[in-house]
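Enquirer: Handing you a structure now.
We did not get these values from a lab; they are worked out from the coordinates using the rules stated. Since we're looking at a predicted model, the values are computed, not measured. Here the Cβ is made from the backbone with ideal geometry for all residues, glycine too, and neighbour counts use every protein chain on show.
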Amino acid sequence: MTEKTPETLYCYVHPNRETSLRCNNCNRPICASCAVRTPTGYRCRECVRERRKTFDTAEWYDYVLGFIAAAFLSGIASFLVTLIEGIGFLGWFIIFFGAPTAAMTIAEGVRAVTRKRRSRPLFITVAVGVVLGAAPFILFQLLAFDVFGIIFQAIYLVIVTPVVYTRLSGIQLFR
């Protein structure tokens, strides 16, 4: 009975590192530091990068439209926050429960304008648009020394910005 000795494999990126791993897509040998764990197994960075390109569908104008839509809708919501701030104690409840609703409205508005195209830089651009849309109202409240208005705007931004980003990017905390 003859036993075959396995062929010694070396990482295609690091030729001096022995490995027993192979990319499950292109079958190239990869070391542990080059391997990217995916739900279907280990892949090389090049295959992961190529796969990611299929999900990045945003066009150049989506960045402009997404930014404008996010800034406009965030400006409207931020204006409403300045009105809520004057209500008093009930305003605290409204801001904590209304901000996620505003975030969903902003995210769905951006999604409609960009026709559901996606890419990570687009999501970041939209998040910046949300913050800059609220900036004029924050600046106004800073100049007026309205402490509660600034606190309400901060609560609004802390809740809305990550919710818009996660809603657009599809990140799920719980499955």
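Enquirer: Hey, how many Å between the Cα centroid of the stretch 115-175 and the Cα centroid of the stretch 27-85?
Expert: That distance is 16 Å.
Enquirer: Rounded to the nearest 500, what is the chain's calculated 222 nm mean residue ellipticity when only DSSP H runs of at least 4 contribute -39500 (n - 2.57) each, over all residues?
Expert: About -21500 deg cm²/dmol.
Enquirer: With springs only between Cα atoms under 10 Å apart, run a GNM on the chain and tell me which of Leu139, Leu157, Leu122 wobbles the most.
Expert: Leu139
Enquirer: What shape does the stretch 124-175 take by its C-alpha gyration tensor, where a ≥ b ≥ c are the square roots of the eigenvalues and a/c under 1.5 counts as rounded, a/b above b/c as prolate, and the rest as oblate? Numbers along the way, then the final one.
Expert: On the way: a/c = 6.38, a/b = 2.17, b/c = 2.94.
Because a/c hits 1.5 or more and a/b fails to exceed b/c, the stretch 124-175 counts as oblate.
Enquirer: Would you mind telling me which residue in Arg17, Arg118, Arg51 has the biggest mean-square fluctuation in a Gaussian network model of the chain, where springs connect alpha carbons within a distance under 10 angstrom?
Expert: Greatest mean-square fluctuation among the candidates belongs to Arg17.
Enquirer: Enumerate the amide H contacts of Leu9 below 5 Å, restricted to partners 5 or more residues apart or on another chain; note that Pro and chain-start residues carry no placed amide H.
Expert: The answer is Thr19.
Enquirer: Percent relative contact order of the chain, based on C-alpha pairs within less than 8 angstrom and at least six residues apart? Display every interim value, and only then the final one.
Expert: Working: 227 pairs, mean separation 38.2, N = 175.
Computed over the chain, the figure is 22 percent.
Enquirer: Under 10 Å, Cα contacts only: if you run a Gaussian network model on the chain, which one of Val147, Val13, Val110 comes out with the highest mean-square fluctuation?
Expert: Val13
Enquirer: If I model a spin label as a point 7 Å beyond the Cα along the Cα-Cβ vector, how far apart are those points for Val13 and Thr54 in nm?
Expert: 2.1 nm
Enquirer: What list of ³J(HN,Hα) values in whole Hz, one per residue of the stretch 91-106 in order, does the Karplus curve 6.51 cos²θ - 1.76 cosθ + 1.60 (θ = phi - 60°) give from phi, with Gly and Pro shown as x?
Expert: Each residue's phi maps through the Karplus curve to give x, 4, 5, 4, 5, 6, 9, x, 4, x, 5, 4, 5, 5, 5, 5 Hz.
Enquirer: Tell me which residues come under 5 Å, amide H to amide H, from Arg22 once H is placed; ignore anything under 5 positions away on its chain.
Expert: Close amide H contacts, sequence-distant or interchain: Ile30.
Enquirer: What list of ³J(HN,Hα) couplings, whole Hz, do you get for the stretch 62-75 from phi and the Karplus terms 6.51, -1.76, 1.60, once you set θ to phi - 60° and write x for glycine and proline?
Expert: Rounded to whole hertz, the list is 5, 5, 5, 5, x, 5, 5, 4, 5, 5, 5, 5, 5, x.
Enquirer: For the stretch 9-54, what's the relative contact order in percent, using C-alpha pairs closer than 8 Å and at least 6 residues apart?
Expert: The normalised contact order for the stretch 9-54 reaches 28 percent.
Enquirer: Between rounded, prolate and oblate, where does the chain land on the alpha carbon gyration tensor, with a ≥ b ≥ c its root eigenvalues, rounded for a/c under 1.5, else prolate if a/b exceeds b/c?
Expert: prolate
Enquirer: Let me ask something additional. How large is ³J(HN,Hα) for each residue in the stretch 110-127, as worked out from phi by the Karplus curve 6.51 cos²θ - 1.76 cosθ + 1.60 (θ = phi - 60°), to whole Hz, x for Gly and Pro?
Expert: With coefficients 6.51, -1.76 and 1.60, one gets 5, 4, 5, 5, 8, 6, 6, 6, 9, 5, 4, x, 5, 5, 5, 4, 5, 4 Hz.
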